[in-house]
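Let me begin by presenting the structure, written as structure tokens, before commenting on it.
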Amino acid sequence: MDLELLSRTLSELGEPSYRLRQVWEWTAAGAGSYAEMSNLPRALREALAQAVPFSTLTVEHEAHASDGTIKALMRTADGRPLEAVLMRYRDGRRSLCVSSQSGCPLTCRFCATGQMRFGRNLTAWEILDQALHFRRITEVDHCVFMGMGEPLMNLDSVLEACRRLPDLGITHRRTAVSTVGWIPGIDRLAADPMPLRLALSLHAANPALRSELMPVNDRYPLGDVLAACERFYERKRRMVFVEYVMLGGVNDSVGQARELAAILDPRIYKVNLIPYNPTDVGMQGSTPRAIDAFREELERHGLSATVRLTRGRDIAAACGQLAAGALSSEAAIAVGAGS
Ligand code: SF4
């Protein structure tokens, strides 16, 4: 819902200022239409339905996995595709993975989204409407910006959306913004008063390998990125999550775990190892044995390391799969892996 358009429309209709709050309260609580907003006059509900689309997005396809994960392929009003995922965990968590851009201008080699043509930055309302779509299905309590796009290249919209997420039930402390290492954005995020979490997609400690996997490393070298993450930690006193996708035979040896441990301060970083979900970009995931050995080596060096639970693999909603097929097949949603 475009809240700027809503606000303008309400004032053109001569409505009192509290109407905006009323409409937003219903929407954030999961209402499915203006018609449900029983404390608004009927004529106003009808006028709003004509003037302000209830969502800035249309849902083109929704895929349901056997583990309860739902992946939605959506389109903006100007036809740009994007994807968002709801993950349900056994411990009761309901976590959203949202996109900040349609496609992505960066070209990480392992990432399905990076192979798509970049569309544009999403507006704050287009980001919020992804969350609102799932809020209409269930209560939600966590959000990660790990769908399509590099969130810190679209930080104004990301922050505007984050300001509203608590109204849906997602606190700032349960919201994580992921980046490949866009330094100006990390510093801005550190300066923002919201206690958002920062996640860094690292994927290789060796500079040459990292540049090969993530060309952005040439622009913002890892040493400078880690210095920015450490400034974030100093300012926020919040540990930084390191995301490390496990690519078979590429970045998953015990020696590479040692290289990683050598550059990460265990007081500042926690490592999240991500089993790679093969897409059509020609890379393979590591074996469970290689992942275990890698984790054990990190822990031997005092780093806290976990292996991410894979959700939604049977519908290509797992990390790294977002958007892989969205453009090649209108019917298939393939979600790419965000930053
Ligand atoms: S990993 Fe993130 S930054 Fe890299 S291409 Fe994919 S969406 Fe873009």
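What follows draws every value from the coordinates through simple rules; no lab data is involved. Nothing here was measured: the structure is a model prediction, and the numbers come from that model. Glycine gets a Cβ as well: all are built from the backbone with ideal geometry, and neighbour counts include every protein chain shown.
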Original post:
Counting alpha carbon pairs within less than 8 Å and at least 6 residues apart, what relative contact order, in whole percent, applies to the stretch 56-315?
Top reply: 15
Original post:
Based on the mean of other beta carbon atoms within 10 Å per residue, what is the order of 106-112, 19-25, most packed first?
Top reply: 106-112, 19-25
Original post:
Packing-wise, with mean Cβ within 10 Å as the measure, how do 175-184, 32-41 rank, highest first?
Top reply: 175-184, 32-41
Subject >> Percent of alpha-carbon pairs separated by more than 28 Å within the stretch 84-219 >> reply: 17
Original post:
If one takes the longest principal axis of the Cα atoms in the chain, at what angle in degrees, from 0 to 90 and to the nearest 10, does the Cα axis of helix 124-135 lie?
Top reply: 90
**OP:** Could you pull out the trypsin sites (Lys or Arg not before Pro) across the stretch 110-178 that fall in loop regions by DSSP (anything but H, G, I, E, B) with no more than 12 other Cβ atoms inside 10 Å?
**Re:** 117
Subject >> Beta bridges by DSSP in the chain, antiparallel share as percent, to the nearest 5 >> reply: 45
**OP:** Translational diffusion coefficient, Stokes-Einstein: compute it for the chain using the Kirkwood radius over C-alpha pairs as Rh, at 4 °C and 1.567 mPa s, and state it as an integer in µm² s⁻¹.
**Re:** 63
Original post:
For the stretch 235-275, what class follows from the C-alpha gyration tensor (a ≥ b ≥ c being the square roots of its eigenvalues): rounded when a/c is under 1.5, otherwise prolate if a/b is larger than b/c, else oblate?
Top reply: oblate
Original post:
Sorted by mean Cβ packing within 10 Å, highest first, what order do the peptides 211-224, 77-90 take?
Top reply: 77-90, 211-224
**OP:** Any chance you could tell me what percent of the C-alpha pair distances in the stretch 1-137 go past 28 Å?
**Re:** 27
Original post:
Is the shape of the stretch 1-54 best called rounded, prolate or oblate, per the rule: a/c under 1.5 gives rounded, else a/b larger than b/c gives prolate, else oblate, with a ≥ b ≥ c the square roots of the Cα gyration tensor eigenvalues?
Top reply: rounded
**OP:** As a check on your grasp of the helix formula, calculate [θ] at 222 nm for the chain: sum -39500 (n - 2.57) over DSSP H runs of n ≥ 4, divide by the residue count, round to the nearest 500.
**Re:** -10000 deg cm²/dmol
